[in-house]
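All of the numbers you see were taken from the coordinates with simple rules; none came from a lab. All of these numbers come straight from a predicted model, not from anything done at the bench. Please note: Cβ atoms are built from the backbone with ideal geometry, for glycine as well, and neighbour counts cover all protein chains shown.
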Amino acid sequence: MIPDLSFIHRFVPGSSEGTLLLLHGTGGDENQLLALGRELDPKATLLSPRGQVQENGSLRFFRRLAEGVFDMDDLEERTNDLADFTLAAAERYTLNPARIVAVGYSNGANIAASILLRRPKVLRTAILLRAMVPFMPETLPDLRGAQIWIGGGKQDAIIPRANTERLAELLSGAGAEVTARFFDAGHALTNTELVLAQRWLKERWPNDSLTNFG
Ligand code: MLT
């Protein structure tokens, strides 16, 4: 049976086995990270769902009560929904589940971190751009073998560096191999970090090709 894909999404076929699961930030949509994804990996398939929560007209992946204060019940439900969508899309589009890399920005990075902590079998590789601790798990998941690159902004007023550092510690405490880098930047991404993330991704699968940012 063909699984039902519960999220509106963009699907852009690629020419390698890799898939980037692109997770936009608050106020973005399924188109926001397509160009970035294509730069990160010119051959990957791009799978880009649209967040299902509206906040004053801005799309997000889960509800929050205030900036950085999350609705934990909603986060749990939406995390499971997105994890299930990812599995269903892998089946529908015959993607290699082991080659799905989450690339999340801000709210999208936070739900990717939440999937890693709650549904660790669904995602094994992730690039988290401006992420924070989404919730504290009661027991640590088993993330041995998972590989995670984290990019933070030293002057980010929305995601404090200390919070991103706590996330890096949490994920590495669960066994993941974590690379966390901080840049002279605020909440917006820099070209430097995208080049580094691109290089890191390329090192994971050296037989895929590489393009240059700007
Ligand atoms: C969140 O709500 O996930 C974070 O505060 C980041 C944001 O989306 O502004």
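Summary table below
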| read-out | value |
| --- | --- |
| Formal net charge of residues neighbouring residue 80 (Cβ-Cβ distance under 14 Å; K, R +1; D, E -1) | -2 |
| Cleavage-rule hits, chymotrypsin sites (Phe, Trp or Tyr not before Pro), the range 59-105, DSSP coil, Cβ neighbours within 10 Å at most 14 | 93 |
| Trypsin sites (Lys or Arg not before Pro) lying in DSSP loop within the range 150-211, provided at most 16 other Cβ fall within 10 Å | 154 |
| Hypothetical label at residue 203: residues of the range 177-195 whose amide nitrogen lies under 20 Å (7 Å Cα-Cβ projection) | 177-184, 190-195 |
| Equivalent ellipsoid semi-axes - Cα gyration tensor, the range 39-97, angstrom | 26, 15, 9 |
| Contour minus Cα-Cα distance for residue 98 and residue 71 (0.36 nm per residue) | 6.7 nm |
| DSSP-defined antiparallel bridges as percent of all bridges, the chain, nearest 5 | 25 |
| Antiparallel DSSP beta bridges within the range 1-116, percent to nearest 5 | 55 |
| Sites matching GluC sites (Glu not before Pro) across the range 133-171 that sit in DSSP coil, with at most 12 neighbouring C-beta atoms within 10 Å | 138 |
| Pairs of Cα atoms farther than 20 Å apart, the chain, % | 53 |
| Cα-Cα pairs of the range 120-191 separated by more than 14 Å (percent) | 56 |
